[in-house]
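Here's the structure, in structure tokens; my notes come after.
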Amino acid sequence: MILVLSPSKTLDTQSWPLATHSQPDMLDEATLLVKALKKYNVAKLQTLMDISEKLAALNVQRYKDFSTPFTRDNAKQALLMFKGDVYEGMDVAHYSKDDFAYAQQHLRILSGLYGLLRPLDLIQPYRLEMGTRLPIGKSKDLYQFWGTRISEALDASMAKHKTKLLINLASEEYFKVIQPAALKAPILTVVFKENQKGTLKIIGLFAKRARGLMADYIIRNRIDKVQDIKDFSVEGYGFAAKLSSEDQYVFIR
């Protein structure tokens, strides 16, 4: 069983004492993307990514500074680098060695630049949303660039697991890069809704945090049976059986 998350725009580049790390499997592809991005000046990157001039300047510099090999001196583990709403729901500061080991086996982070990341893969700071229309060779955007590579990598990892299941905790933008036809395992999408005066709504900020809470719950409790996910009740959420199906679990707060 593998769960997938989206990355975050907010990054924490400060050093971390955790020494255990791994290298991204798709670093060659990332290097190719960076080579293309290095050709963009601040104005062009601002237009490409629809970001502020300040952010564009920051990322122009990041791509200029990008260098391999990745070490703990110039990079940081992905799970410790990402610090957005999703990752606020994951208390990694209190993870044990076994927690990190379980996460390394069962959690994957989708990335516009790095393709597919394990939690302990070293990465250098970047910004490249999966929906960015960055032309690379014959590919008009990142979805075409990554093609089936990410799906095939997920399938290869799941082949080693007892429970063959992909749990979707990613945003729509990122999960679009997954091609179900390339997977031999079923997909379970987890949805979080808020009950506001009798009306159920998906509220982005809350849903992002809830995805992190669910990932944290699965990791800490070593969940390996899909039915055990239904017991998730963190921060007031509860499983809504009547609204759920075999391929979509709905939790309401």
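From G198, G212, G204, G236, which residue is closer than 24 Å to A93 by Cα, small (G, A, S) and loosely packed, with under 15 Cβ neighbours inside 10 Å?
Result of the check over G198, G212, G204, G236: G236.
Suppose we keep only residues that are of a type outside the set (D, E, K, R) and not in a helix (DSSP H, G or I) within the stretch 209-242. Which one would you say is farthest from S8 (Cα to Cα)?
Taking the candidates together, the pick is A240.
Specify the residue that is surrounded by the most Cβ atoms within 10 Å (Cβ to Cβ); the eligible residues are those in the stretch 133-189 that are more than 16 Å from the chain's Cα centre (by Cα), of a type in the set (K, R) and at pLDDT 95 or above.
Here the answer is K140.
Could you give me the residue pairs with C-beta distances under 8 Å whose first residue belongs to the stretch 67-81 and is of a type in the set (A, V, I, L, M, F, W, C), whose second residue is in a helix (DSSP H, G or I) and buried (at least 24 other Cβ atoms within 10 Å of the Cβ) wherever it lies, and which are 6+ apart or on separate chains?
L79/Y87
Filter the stretch 29-62 for residues that are among the basic types (K, R) and without any contact (Cβ under 8 Å) to a residue 60 or more places away in the chain; which is nearest to Y143 (Cα to Cα)?
Only one residue tops the list, namely K35.
Quick check on my filter: what residues within the stretch 185-216 are farther than 19 Å from I229 by Cβ, without any contact (Cβ under 8 Å) to a residue 40 or more places away in the chain and either of a type in the set (S, T, Y) or touching a Lys or Arg at 6+ places or on another chain (Cβ under 7 Å) (or both)?
Within the stretch 185-216, T199, K201 meet the criteria.
What's the number of the condition S15 fails, among (1) modelled with pLDDT under 95; (2) among the small types (G, A, S); (3) within 19 Å of T132 (Cβ to Cβ)?
Failing condition for S15: (3).
Just to be sure, is A170 in contact with a helix residue (DSSP H, G or I) (Cβ under 8 Å, 6 or more places away or on another chain), under 27 Å from K76 (Cβ atoms) and assigned to a loop (DSSP other than H, G, I, E, B)?
So A170 passes the test.
How many residues, within the stretch 109-121, are under 18 Å from Y95 (Cα atoms) and either crowded, with 24+ Cβ neighbours inside 10 Å or among the polar types (S, T, N, Q) (or both)? Write out each step before concluding.
We begin by selecting, within the stretch 109-121, every residue under 18 Å from Y95 (Cα atoms); these are 109, 118-121.
With the extra rule that they be either crowded, with 24+ Cβ neighbours inside 10 Å or among the polar types (S, T, N, Q) (or both), the set shrinks to 109, 119, 121.
Number satisfying all stated conditions: 3.
Quickly run through the stretch 68-88 and pick out the residues that are among the small types (G, A, S) and modelled with pLDDT of 95 or more.
A75, A78
If I51 passes every condition in (1) out of contact with any Gly (no Cβ under 6 Å at 6 or more places or on another chain); (2) more than 23 Å from K176 (Cα to Cα) but one, which one does it miss?
All conditions pass for I51, except number (2).
Among the residues that make up the stretch 1-17, is at least one of them more than 21 Å from the chain's Cα centre (by Cα), surrounded by 13 or more Cβ atoms within 10 Å (Cβ to Cβ) and either within 30 Å of I229 (Cα to Cα) or aromatic (F, W, Y) (or both)?
no
Working only within the stretch 190-204, note down all residues that are in a loop (DSSP other than H, G, I, E, B) and under 23 Å from the mean Cα position of the chain (by Cα).
Those that are in a loop (DSSP other than H, G, I, E, B) and under 23 Å from the mean Cα position of the chain (by Cα): I202, I203.
The values are calculated or read from the model by the stated rules, or taken from the named source; none is laboratory data. All figures in this text were calculated on a predicted structure; none of them were measured in a lab. Quick reminder, even Gly has a Cβ in these numbers, built from the backbone with ideal geometry, and neighbours come from all protein chains shown.
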